[in-house]
Amino acid sequence: MEKTDDSNDYDWDKEVEEFEKSKGGVKGLVDSGITKVPRFFISPPEPDAKPGPHPDALIPIIDLEGVRGGLDHKVVGAIRNASRKWGFFQVVNHGIPTSVTDAMLRGTRALHEQPKEAKQDLYTSDGAPDVRFYAINGRLEEGDAASWRDAFACKFIDGEIDPELVPPVCRGEIMEYMKHMIKVRDVLSELLSEALGASKELLGEMQCMESEYLTCLYYPASPEPDKSLGTVAHSDPTVLTVLLQDDTGGLQIKHDGCWIDVPPVPGALIVNIGDFLQLMSNDKFMSVEHRVLSRSKGSRVSVACFFFPRGQEMANIYAPVKQVISPNNPPIYKQVNYIDFVTHYQKRSSRGGHSALANYKLDSINYCID
Ligand code: OGA
Ligand code: NI
């Protein structure tokens with residue numbers, strides 16, 4: 001008898017293992033002509049989602065033109081407001097030429113559209129290598145949903161990578177893009193420091209955004225777009241994310257309980273607060289849940305650059321910064337080092353991509369059992 005996806009004898013681990021063994025990722029499935037989404041990609045319906053999206057809710061678009069010669073109070077205010085109310089904003093006039101962002105998006109597509117043979121040696125769900133392709137990051141527990149997209153990731157620990165490790169098809173584009181990302185990071189670091197009520201040097205001196213994890217993402221069309229999600233709902237565990245998306249759309253954030261679109265804005269970069277910065281800001285800034293919808297036609301590419309603490313300093317202790325603490329605003333989080341924090345995220349993400357923040361609340365009982 002032919003086994004259906006609905007049968008009780010669905011062997012989750014075997015299906016996932018076969019997919020992983022193929023080393024072809026989601027694009028490999030699509031290229032093989034599948035007409036149904038395998039069950040381990042199917043996201044369960046969200047019981048508490050409000051009907052949405054809000055037609056008029058739009059994340060702030062902030063013009064950085066004024067800040068390149070020095071900090072601008074209006075921009076700091078806009079960033080403070082956006083980081084508190086939305087956790088997401090778009091920036092324009094950030095100084096990266098469109099030739100660089102266009103080349104990065106084209107390079108991402110070229111990376112993923114190489115023949116499978118060119119990618120499979122770097123294909124692994126194990127996070128250890130500095131450079132790799134993957135679809136599933138780590139182990140996919142039964143009941144979790146995989147994202148309908150492929151990723152290529154490079155780790156820049158303390159900002160460094162051996163360029164020879166990066167596939168030539170996108171090497172120049174990635175190295176050039178990262179030079180610009182560092183400049184944008186420096187500008188955002190100053191603006192966010194001031195938005196926290198500190199001097200512009202605060203976050204730079206804390207060295208909390210000196211390593212980068214760059215992911216070049218490729219979202220193939222889905223044969224059943226209502227059943228899969230391009231990226232399942234999650235918040236980013238890191239300090240800050242700078243995202244470049246192409247002009248096709250699909251990214252949504254949860255705002256007031258509704259999913260709202262983050263529409264493509266030509267030339268813009270999307271910035272979002274990560275869980276770790278929410279902790280350092282004592283909830284003054286919010287790390288919000290987001291996801292990417294699947295589409296029935298055409299593919300989407302995006303490039304996410306995650307910033308996190310320097311390698312050697314990752315064992316450093318971070319806590320809500322003193323500038324956000326007052327008698328009326330006592331610290332709500334414990335001290336933590338980044339490695340512990342991310343380890344908890346990964347454990348909890350096996351239950352659906354939740355942040356580790358609740359685990360570090362000062363009044364919480366530590367419920368993550370090792
Ligand atoms: C991520 C993410 C969004 C996108 O990789 O964490 O949220 O648009 N990506 O690809
Ligand atoms: Ni994300």
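The values are calculated or read from the model by the stated rules, or taken from the named source; none is laboratory data. For clarity, every value in this text was computed on a predicted model and none was experimentally measured. When we count neighbours, we look across all protein chains shown, and the Cβ atoms used for this are built from the backbone with ideal geometry, even at glycine.
In the set (1) of a type in the set (Asp, Glu); (2) more than 26 Å from ILE325 (Cβ to Cβ); (3) away from ligand 1 (no atom under 16 Å from the Cβ), GLU205 fails one condition alone, (2). Of the residues making up the stretch 70-86, one or more are within 19 Å of ASN272 (Cα to Cα), of a type in the set (A, V, I, L, M, F, W, C) and within 16 Å of ligand 2 (Cβ to nearest atom). The condition (being without any contact (Cβ under 8 Å) to a residue 24 or more places away in the chain and either at negative phi or within 16 Å of ligand 2 (Cβ to nearest atom) (or both)) is satisfied by just one residue among GLU194, GLU190, GLU224, GLU205: GLU205. Residues of the stretch 210-234 that are within 22 Å of VAL100 (Cα to Cα) and part of a loop (DSSP other than H, G, I, E, B): GLU210 alone.
Annotation: PRO237 fulfils all but one of (1) of a type outside the set (Ser, Thr, Tyr); (2) within 10 Å of ligand 1 (Cβ to nearest atom); (3) not in a loop (DSSP other than H, G, I, E, B); the unmet one is (3). Per the listing PHE285, PHE307, the residue uniquely touching a strand residue (DSSP E or B) at 6+ places or on another chain (Cβ under 9 Å), farther than 23 Å from SER147 by Cα and crowded, with 24+ Cβ neighbours inside 10 Å is PHE285. Note on the stretch 119-133: among residues that are among the aliphatic types (A, V, I, L, M) and surrounded by 14 or more Cβ atoms within 10 Å (Cβ to Cβ), the one that is farthest from the chain's Cα centre (by Cα) is LEU122. Is there a residue being aliphatic (A, V, I, L, M) and within 16 Å of ligand 1 (Cβ to nearest atom) anywhere in the stretch 178-199? Looking through the stretch 178-199, at least one residue is aliphatic (A, V, I, L, M) and within 16 Å of ligand 1 (Cβ to nearest atom).
Selection of first residues in the stretch 84-99 that are at positive phi and of second residues that are part of a helix (DSSP H, G or I) and of a type in the set (D, E, K, R), restricted to Cβ pairs under 9 Å at least 6 apart or on distinct chains, gives the following pairs, ordered by first then second residue: ASN93/GLU65; GLY95/LYS183. Just wondering, is there one or more residues in the stretch 291-302 that are within 16 Å of ligand 2 (Cβ to nearest atom) and either free of Cβ contacts under 8 Å to residues at least 40 places away in the same chain or in contact with a Cys (Cβ under 7 Å, 6 or more places away or on another chain) (or both)? No, the stretch 291-302 contains no residue that is within 16 Å of ligand 2 (Cβ to nearest atom) and either free of Cβ contacts under 8 Å to residues at least 40 places away in the same chain or in contact with a Cys (Cβ under 7 Å, 6 or more places away or on another chain) (or both). Assess whether GLU210 counts as being more than 15 Å from ARG80 (Cα to Cα) and away from ligand 2 (no atom under 16 Å from the Cβ). Answer is yes for this residue.
Restricting the search to the stretch 91-109, which residues are farther than 20 Å from THR241 by Cβ and of a type in the set (Ser, Thr, Tyr)? The answer is THR98, SER99. Here the strands (runs of 3 or more DSSP E) wholly within the stretch 253-305 that include at least 3 residues being farther than 28 Å from CYS208 by Cβ and within 15 Å of ligand 1 (Cβ to nearest atom) are 258-261.
Just to be sure I understand, how many residues within the stretch 336-360 are exposed (fewer than 14 other Cβ atoms within 10 Å of the Cβ) and either over 19 Å from the mean Cα position of the chain (by Cα) or at pLDDT 75 or above (or both)? Going through the stretch 336-360 one residue at a time, the tally reaches 2.
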